[in-house]
1. Pick from P188, P113, P61: which residue has the top mean-square fluctuation in a GNM of the chain where Cα pairs under 10 Å get a spring?
2. May I ask for the Rg/Rh ratio of region 46-87, computed from Cα atoms with Rh as the Kirkwood radius, given to two decimals?
3. Arranged by the count of other C-beta atoms within 10 angstrom, fewest first, what order do W126, W62, W21 take?
4. Determine the relative contact order of the chain: mean sequence separation of Cα pairs under 8 Å and six or more apart, normalised by residue count, in whole percent.
5. Given all pairs of different Cα atoms, what value in angstroms does the Kirkwood hydrodynamic radius of region 33-148 take?
6. Any chance you could tell me what percent of the C-alpha pair distances in region 107-200 go past 19 Å?
7. Starting from the exponent 0.38 and prefactor 2.2 Å, build the expected Rg for region 123-172 from its residue count and divide its actual Cα Rg by it.
8. Just the number, please: percent antiparallel of the DSSP beta bridges in the chain, rounded to the nearest 5.
Amino acid sequence: MKPDTIIFDMDGTLIDSEGFWTAAEYSVFSGLGVDMSKGSTALTAGMSTADVTDYWYQITPWQGISLKEIERRVIDEVGERIAKQGAMIEGADSLLDLCRNCGMKVGLATNSPHSIVDKVLERFSWHTKFDCILTADDVSEPKPAPDIYLQGMQQLNSSRDTTVVVEDSLTGATASVAAGIKTLVINPSIEHFEGLIDMIIPVEKLSDVAALISKPQRFQAAS
């Protein structure tokens with residue numbers, strides 16, 4: 001397979017924001033009396049903010065504030081952190097340029113909402129980097145459901161046979177594999193990905209993705 005379309009996850013894949021989400025969630029949910037030690041932020045990595053909010057509510061229900069309001073507080077705090085401190089993952093900018101220069105269609109599919117994506121695009125001047133951008137706001141079921149990747153292929157007029165996804169979480173890889181797309185997973189804990197192993201290609205960093213894209217024969221061998 002020689003891919004002509006590549007769809008990237010965002011948080012933890014292109015931008016170094018996972019720590020922002022962890023800090024914001026700890027701040028907001030702890031303020032509601034939730035004992036964060038009863039769960040694990042690793043379990044919620046890659047989830048939409050709505051799903052994370054529901055996750056903690058099921059563990060320790062709070063009173064008087066809607067789940068939607070709490071979701072908004074988390075998103076607002078993360079957005080502020082990205083706007084002031086956001087950093088891209090090493091190699092992200094050059095990889096996006098490489099994909100475009102190779103003639104590939106480039107998509108972004110993230111469980112973050114549009115408000116966060118807008119701050120990322122502004123922070124890194126990425127407004128022209130993507131042919132298609134989809135967020136949790138654009139689908140009825142976010143990752144791990146396959147909807148966002150199925151919709152992405154439709155908008156990019158691409159097929160699963162010539163599309164590749166770049167992800168960093170089990171939640172995201174579950175979604176892309178369910179959509180039938182070969183997935184490059186950055187530095188995975190393989191034991192967590194056992195059920196997906198036939199559809200993922202482990203890579204250590206974005207420069208490894210670049211090496212596969214720049215020399216398609218390597219990608220075909222890895223597949």
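1. With Cα springs under 10 Å in the chain, the top fluctuation among P188, P113, P61 is at P61.
2. 1.05
3. Fewest-to-most ranking of W126, W62, W21: W62, W126, W21.
4. 26 percent
5. 15.9 Å
6. 40 percent
7. Working: Rg = 11.8 Å, N = 50, 2.2 N^0.38 = 9.7 Å.
Here the answer is 1.21, to two decimals.
8. If I count the DSSP bridges inside the chain, around 5 percent turn out antiparallel.
Each value in this text was obtained by applying a stated rule to the coordinates, not by laboratory testing. Since the model is a prediction, treat every value here as computed from it, not as a measurement. In this analysis, Cβ positions are derived from the backbone assuming ideal geometry, glycine residues included, and neighbour counts consider all displayed protein chains.
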